[in-house]
Amino acid sequence: MLCIVCSMANCKKLRLKDAALKRLLSVVVVTLLGVLLLIVSLRTNTTPGLSELDEDLSEITDIQSFSEKLNLPKQNEFSIRLAKINQMPPRNRDLYPKLAKDHITIVLYVHNRPQYLQVVVKSLSKVVGISETLLIVSHDGYFEEMNKIVEGIKFCQVKQIFAPYSPHVFPDSFPGVSSNDCKEKDDAGKKHCVGSPDQYGNHRSPRIVSLKHHWWWMMNTVWDGLKETRGHNGHILFIEEDHFIYPNAYRNLQLLVSLKPIKCPDCYAANLAPCDVNLRGEGWDSLIAERMGNVGYAFNWTVWRKIHRKAKEFCFFDDYNWDITMWATVYPSFGSPVYTLRGPRTSAVHFGKCGLHQGQGQTNACIDNGSVNMQVDDIDRVANIRPEWGVHVYDNQPGYKAGFKGWGGWGDDRDRQLCLNFAQMYHSYNTSLSAVTMS
């Protein structure tokens, strides 16, 4: 009888241990699920690095078949991954869940000058109203140091896009360098190489033509491709990695955009800086209407449609600079002067001291002592444009005009066709543009 009692006691203890173990396992499982859900939640508010792209992106548009239909260059794996990242939502939506109703989207286009980028990002962080808007950073290819700087931005919503057809993404094929490409002044017939020279007899340099390719790809993508900006009727501001932005820039731009239909209805755009990058403004009590500049310029979808319709002029003009191409052939084709409206004091400054593909490291940086000491006065910290001001118009300003033949660097038929293809990316194949070929 004693043995039976002892056995029953032992059985009861075992059952209690089993129940406790099951409760412990339940707690562990629930905890692990909670951690996994937290990780997933955090990932939705970050832009993944290239190593983090996984099956979640497999649901996104089949990029490769899309490019094949448009006769774009065959993408490598790297290019496809960049194109998929472009479809990811902006970061920092948890910090800034709503954009201001009248916000002006800012597009910052960058190449590979990290010291420059740090300067412009720091200046943007001090811009009044920056948290109200969306910042889109367009990269000419992928460079880890540039990517890390942008990932560190916390002062507004940020979306990164990467040019998937950048020459920097194709190390051994067009649009990059191909083994059988003609170089410098090679004779294609004698060398049996591929390429057509520019008007000066020089063959393409991939890292130089990337400047114009990136700008044109970016414009088509921002206005017609991205979910966040496609069909946007308002103005969009475009700045570059070597533009220092003053604290009052955004508020001044909002004023210029609101005043433009009244003060200068024929103006195509609004600018934060004078067309002459060496000037800081007149200091008058007057608005200024002048030729459109390339530092801190903003225009709307209507103007973009006019530019897009001139794709052939843009893509066939033999100059690797997008801005000179616009001044010398696109704007003149509009049939009337292309004015922009700005204030009498600059709200943005071009601080770069050297070219696009320089200043990429500590030893060869183009910034004095590795930093920019830009004077910002009290008047530059608040909006300094007055609605009651009149408009002073500059006529017949010096600069590139119709008749200029271009500096060259853009004579290869492949670059011109790729440029035309970018203009078709987000449009029906039945448009008149699709009929434009290299023949």
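Somewhere in segment 331-346, is a residue within 27 Å of ARG113 (Cα to Cα) and either without any contact (Cβ under 8 Å) to a residue 24 or more places away in the chain or open to solvent by less than 10 Å² (accessible area, probe 1.4 Å) (or both)?
yes
Within the bounds of segment 254-264, is there any residue that is surrounded by fewer than 22 Cβ atoms within 10 Å (Cβ to Cβ), in contact (Cβ under 8 Å) with a residue 12 or more places away in the chain and closer than 17 Å to TRP304 by Cβ?
Yes, segment 254-264 has at least one match.
Would you be able to say whether some residue in segment 97-107 is in contact (Cβ under 8 Å) with a residue 60 or more places away in the chain, of a type outside the set (Ser, Thr, Tyr), open to solvent by less than 10 Å² (accessible area, probe 1.4 Å) and more than 20 Å from LEU256 (Cα to Cα)?
No: segment 97-107 contains no residue that is in contact (Cβ under 8 Å) with a residue 60 or more places away in the chain, of a type outside the set (Ser, Thr, Tyr), open to solvent by less than 10 Å² (accessible area, probe 1.4 Å) and more than 20 Å from LEU256 (Cα to Cα).
Of all residues in segment 265-274, which are touching a strand residue (DSSP E or B) at 6+ places or on another chain (Cβ under 8 Å) and either of a type in the set (S, T, N, Q) or open to solvent by 20 Å² or more (accessible area, probe 1.4 Å) (or both)?
Across segment 265-274, the qualifying residues are ASP266, TYR268, ASN271.
Have a look at ASN369, ASN384, ASN373, ASN364 and point out the one that is modelled with pLDDT of 75 or more and open to solvent by 70 Å² or more (accessible area, probe 1.4 Å).
Answer to the check: ASN373.
So which residues in segment 91-117 are within 26 Å of ASN294 (Cβ to Cβ) and assigned to a loop (DSSP other than H, G, I, E, B)?
ASP102, HIS103, ILE104, HIS111, ASN112, ARG113
Out of the residues in segment 263-310 that are in contact with a Phe, Trp or Tyr (Cβ under 7 Å, 6 or more places away or on another chain) and polar (S, T, N, Q), state the one that is nearest to THR221 (Cα to Cα).
Across segment 263-310, the extreme among qualifying residues is ASN271.
Within segment 278-290, can one find any residue that is closer than 30 Å to GLY409 by Cβ, in contact with a Ser or Thr (Cβ under 6 Å, 6 or more places away or on another chain) and either crowded, with 17+ Cβ neighbours inside 10 Å or of a type in the set (Asp, Glu) (or both)?
No, every residue in segment 278-290 fails to be closer than 30 Å to GLY409 by Cβ, in contact with a Ser or Thr (Cβ under 6 Å, 6 or more places away or on another chain) and either crowded, with 17+ Cβ neighbours inside 10 Å or of a type in the set (Asp, Glu) (or both).
Just for helices (runs of 4 or more DSSP H) wholly inside segment 143-244: which have at least 3 residues that are farther than 24 Å from GLU313 by Cα?
So the answer is 144-151, 188-191.
Just one of (1) within 22 Å of the chain's Cα centre (by Cα); (2) open to solvent by 40 Å² or more (accessible area, probe 1.4 Å) trips up VAL169, so point out which.
Result: VAL169 passes all but (2).
Take segment 133-154 and flag every residue that is open to solvent by 10 Å² or more (accessible area, probe 1.4 Å), under 17 Å from ASN92 (Cα atoms) and either touching a residue at least 60 places away in the same chain (Cβ under 8 Å) or of a type in the set (S, T, N, Q) (or both).
Within segment 133-154, GLU151, LYS154 qualify.
Testing SER179 on (1) under 23 Å from LYS74 (Cα atoms); (2) modelled with pLDDT of 95 or more; (3) more than 16 Å from the chain's Cα centre (by Cα), one condition comes back false. Which one is that?
(2)
The values are calculated or read from the model by the stated rules, or taken from the named source; none is laboratory data. This structure is a prediction, so every number in the text was calculated from the model and none was measured. Note that each Cβ is placed from the backbone with ideal geometry, even for glycine, and that neighbours are counted across all protein chains shown. Note: areas computed on protein heavy atoms with side chains; ligands, DNA, RNA excluded. Shrake-Rupley method; radii C 1.70, N 1.55, O 1.52, S 1.80 Å.
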